[in-house]
Structure formats: C-alpha cells, structure tokens
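Structure record follows, encoded as structure tokens.
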Amino acid sequence: MNPEEIMLKYEQYINPSSTRLFRFMGLSSVEARAEGWTITDTEGKEFIDCLGGFGMFAVGHKHPKVVEAVERELHNMPMCGKVLFNEPAALLAEKLAEITPGDLQYNFFCNSGTEAVEGCLKVARLATGRKRFVAAHNAFHGKTFGSLTATGRDMYRDPFKPLLDGFVHVPYNDVAALEAAVDKDTAAVILEPVQGEGGINVPADGYMKQAEIIAHKHGALLIADEVQTGIGRTGTWFGVDYDGAKPDLMAVAKALGGGIMPIGSVIGTEAAWKGLIEAPFLHTSTFGGGQMACAAGLATLQVIEEENLLQRSAETGAYFKKGIDAIAKEFPQVIKEVRGRGMMIGMDLAKEGAGGMLMALMIDQHIIVAYTLNNPKVIRIEPPLIMPISVVDHVLEVLQSCIKQVADAIDDL
Ligand code: PLP
C-alpha cells in the first residue's frame, strides 16, 4: 500500500484532524523499519530519531539483546497464565528493587505510564486511608481519569469534568507552595523529577528531596512519576537520584520495555504496600507482568548497565545541551531558554509558531523532533541514549541552519 492510501485510511478510520495536522507539519512518511537511532520510511528515506518515542527508545530501536530476550519468551510462554509463577517477572521485580532508591521493593506490573500512575494513586489511598493529593501545575501524568486529575493542564481536563475529588495543584518548583498545600488529609504528593510534557522544566537542586521531607512531615507519601525521567533518561537510573530523594511510590513505564514491549510498573516500599499485601486482588491487570514484557524490561536494564548508558546519557546530554546553548546565544530572538538534564532537553522558543516551523524544517532535513504536549513553545530533544557524538554534531549543524531560517521568518510567525 502506498503512503497516500495509508494516510487516507488514517483519515477515514483513525482521526481526520490529527492526520491533517501531522501532514501539515510535513509528516507524510510511513514507518517501515528502525534500528538504533534511525527510522526508515517505506520509500527508503532515513530519519534521525531525536524524539525517541517520547522517551521510550532509551536503548534505541530494536536493540538486539532486547529482541533476543523477547523472542526467547515468544517461543516459550509469551503471556503469563496468571495463576502459575513466571521467572521474568520475578527477575525484573528483583532488579527494579535493586536499582530504585531507598526502600522501594514491591512491584505491580502494568502496561503503560498512565496505568502506573493510577496504581500509585490507588496504593497511596490504601496505605494512608486519606483522599487528598497535591500535584503540580503543568504536570503530565497521563490521560485516564485518575492520572488526568493529577495532570496540570486544563485543556486536557476540562472536557472530562467532573474528575476525581481531592486534588490540588501548586506551582512546580515552589517549595513554599508545597509546604502550604500538604496537610494531615494528604495521601500523597505526586511530582515528576523533571517535568516532561510541561516543557522540560528542571527544578532547583533539592526540590524532590524537599517534597519528600514535606510529605513525610504530614504523614503523606511522595509519588515520583518517573515514566519519562526514569531508566537513564536524565543521566541517572531515576530522576529522583539527582538529589537523593527517596519516594514511597514510583511510576515507571516508557523506556522500561526497551522500545519493544509495552510495560509499566508501580513500585512501592513495604509500608506503602501494606494495603495490597493485606488484599492483593484489590488491584489487578490481565496483561500486566507477561513474560515477553518482563524479559524486555530485564534485558533493557542489563543493556543500560553493559553499555554504560547512565554515564553516556549524562555526558552526551551535556554535550548536546552545550551545543544548543551556543545556538541559542546566536539566535536569542528564536530560543529564549535551553533546559534539560541528561538526554532530556527542551528549547523554549520565543513564539508558539516558531515551534511548528522548526519541527517542520527539521523533519524536512530528516531529523525527528516534536514539541511538548502541555507547552507547544518547547521543542524537546529526547534521543536514544546510545546516540554517538558524531550524530549529535550532525543534528546540531542542521538545527543551527533551521533556527537561522526561523530567525529570518520570526516577525511573521
Ligand atoms: N507520566 C509522565 C511523566 C509522562 O510523561 C507520561 C507520558 O508522556 C505519562 C505519565 C503517561 O504515559 P502513557 O502515555 O504511557 O500512558
């Protein structure tokens, strides 16, 4: 089938307006295959992936060790029967307990980021017997009802009201606001260690640690939403490692599946897990904890260790950011600010129209970037952590020439 026919089916059977929007931004290719940091379309055109599936492709596309692990399970027992035990789930749960901070120990496997967040919210209510949650403006926690209630953008929330009761939102990176909002009825504070979809917002050093201290002072839990920051994205295993915060509950997904399998996990301390230990079937999932997904997770964590990807994320990310900082200095009329940690970088542009134009120009040059969901003025760079410096140099060169074109057009945007 040719690309036109495929896009027509998208228009007819998936969504006409999103299809037209993507086409308008120059996205008219159909993916055929991918490897490492390269996506090839059905006509043989190669794109450098600087978006990484919104953070899903930490170990790149189709990493051979993840493929091998998944294939092995595919031919043994791909999905768990739900009654007998399975080895990949046991091994992945043990490994996650080892690499997560503090006393995080127990895992509940699910299939996506929003499910992992839903699980955290339910477990927090169960553990504390409280109903209030404190979240941040501009937060993105997913789009099912609980996580949508925690999400801090009205545009996504308003059409679905009434949402859950008991959620308050405070400005991100504002310790005093957090202090004022948390009280004896608060079940948990839920935060991203770096806000992803909110616009790659990096908090001041120590913010997550302060959040932990404030939550605990009031007998509340700290939920770290590591769906985007986790698994090496910010240069450490988890975003909270940056300032040594120890959450009671953590939501992990995206990169955990090695870009091959969907998987998420709710990870909690023994104290947080109390209610689920008493009544384990209060929260269940048919697909969660399948052998192929857990084997993918385990292989992904092994690849990160073997290929030293935490250090590479920190170093390549710093190199990337330095290069973008230099471009921002040259074109301050286009790039207001560059923010980021590790391989999670955002360019805050002077005008919203500049984001769409830059994205289209970069894609025209075969480099995939996109803006953040809550803030279309921010173009995010979240490549596979394995991207070599030579490719980063090429991306920077193309970026500089595209930003120059945006600068020439900025008054008309
Ligand atoms: N939490 C964070 C921090 C995210 O960035 C996302 C998705 O971008 C989610 C939750 C929701 O994940 P999913 O799209 O897998 O439901």
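Readers should treat all values here as calculations from the given coordinates under stated rules, not as data from a laboratory. Please read these numbers as outputs of a predicted model, since none were measured by experiment. Cβ sites come from the backbone with ideal geometry, for glycine too, and all protein chains shown count toward neighbours.
The residue list Ile335, Ile327, Ile260 contains one member that is among the β-branched types (Val, Ile, Thr) and within 16 Å of the ligand (Cβ to nearest atom), which is Ile260. Every listed requirement among (1) within 25 Å of Lys62 (Cα to Cα); (2) part of a helix (DSSP H, G or I) is met by Gly355 save one, (1).
Name the residue, out of Glu87, Glu73, Glu115, that is under 18 Å from the mean Cα position of the chain (by Cα) and among the acidic types (Asp, Glu).
Glu115
Any idea how many residues of region 246-257 are buried (at least 24 other Cβ atoms within 10 Å of the Cβ) and either away from the ligand (no atom under 12 Å from the Cβ) or small (Gly, Ala, Ser) (or both)? Within region 246-257, residues that are buried (at least 24 other Cβ atoms within 10 Å of the Cβ) and either away from the ligand (no atom under 12 Å from the Cβ) or small (Gly, Ala, Ser) (or both) number 7. Number of residues in region 23-51 that are aromatic (Phe, Trp, Tyr) and exposed (fewer than 14 other Cβ atoms within 10 Å of the Cβ) equals 1.
When the test is whether a residue is under 22 Å from Asn107 (Cβ atoms) and within 16 Å of the ligand (Cβ to nearest atom), Met77 does not pass it. Within region 137-151, restricting attention to residues that are of a type in the set (A, V, I, L, M, F, W, C) and near the ligand (Cβ under 8 Å from one of its atoms), the residue that is farthest from the chain's Cα centre (by Cα) is Ala139.
Of the helices (runs of 4 or more DSSP H) contained entirely in region 154-234, those carrying at least 2 residues that are over 15 Å from the mean Cα position of the chain (by Cα), within 16 Å of the ligand (Cβ to nearest atom) and more than 22 Å from Ile267 (Cβ to Cβ) fall at 154-157.
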